[in-house]
Amino acid sequence: MAREVDLNEAQRAEMIAAAFSVLDDDRFAPVFGPGSRAEVALTGSAPELPAGVAINGRIDRLVVTPERVLVVDYKTNRPAPDVIEAVDPAYVLQAAVYAAVLRRLYPDRPVEAALVWTDGPRLMPIPEPMLKAALASG
């Protein structure tokens, strides 16, 4: 059940400003541009996942273009980490699992993953070696 949160005017203004700073930032254009979708359900498995393991999740943003696939997860941690190495390993593993399943669906193009930190805002790509390492240790 949803709860109503009582925010004062300054808190509401800060939240609105943070949201628009992400939407208006050119670095995020592909995330909200043509070929992008919000709250995409994803179910499946991949060879990189343990045998018999399938996922059933929801991707915050999915960008599919003829050149690439980009899976994006929003994070609201405050303060946001400054470097990808400081990110909670669970966040990297989640993105790695989504990317692994998406590679099966889109074998003809690269699949990339990124986090969008609302505190900043900041778009933080997750390097492919980090995704692979997360799956290997996950």
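With neighbours defined as other Cβ atoms within 10 Å of a residue's Cβ, the residues Thr76, Thr65 order from fewest to most as Thr76, Thr65. If the segment from Ser137 to Arg109 were pulled out straight at 0.36 nm per residue, it would be longer than the present Cα-Cα gap by 7.6 nm.
Per-residue ellipticity at 222 nm from helix content only, as computed over the chain with -39500 (n - 2.57) for each DSSP H run of at least four residues, stands at -10000 deg cm²/dmol. Between the C-alpha center of the range 13-35 and that of the range 61-112 there is a gap of 17 Å.
Evaluating kT/(6 pi eta Rh) at 4 °C and 1.567 mPa s, with the Kirkwood radius of the range 27-137 over Cα pairs in the Stokes-Einstein relation, gives 91 µm² s⁻¹. At an R0 of 35 angstrom, the distance between the Cβ atoms of Glu14 and Val53 translates into a FRET efficiency of 0.30. Stretching Asp26 away from Arg78 to a fully extended chain increases their span by 16.5 nm, per 0.36 nm per residue minus the current alpha-carbon distance.
Basic side chains Lys and Arg get +1 at the Cβ, acidic Asp and Glu get -1 at the Cβ, and with that the dipole of the chain about its Cα centre reaches some 480 debye. Only beta bridges with both residues in the chain are counted; by DSSP, about 70 percent of them are antiparallel.
Across the chain, the relative contact order, built from alpha-carbon pairs under 8 Å that are at least six residues apart, equals 23 percent.
Read the figures in this text as sums done on the coordinates, not as results from a lab. What you see is a predicted model, and the numbers here were worked out from it, not measured in a lab. Cβ atoms come from the backbone with ideal geometry, glycine included; neighbour counts cover every protein chain shown.
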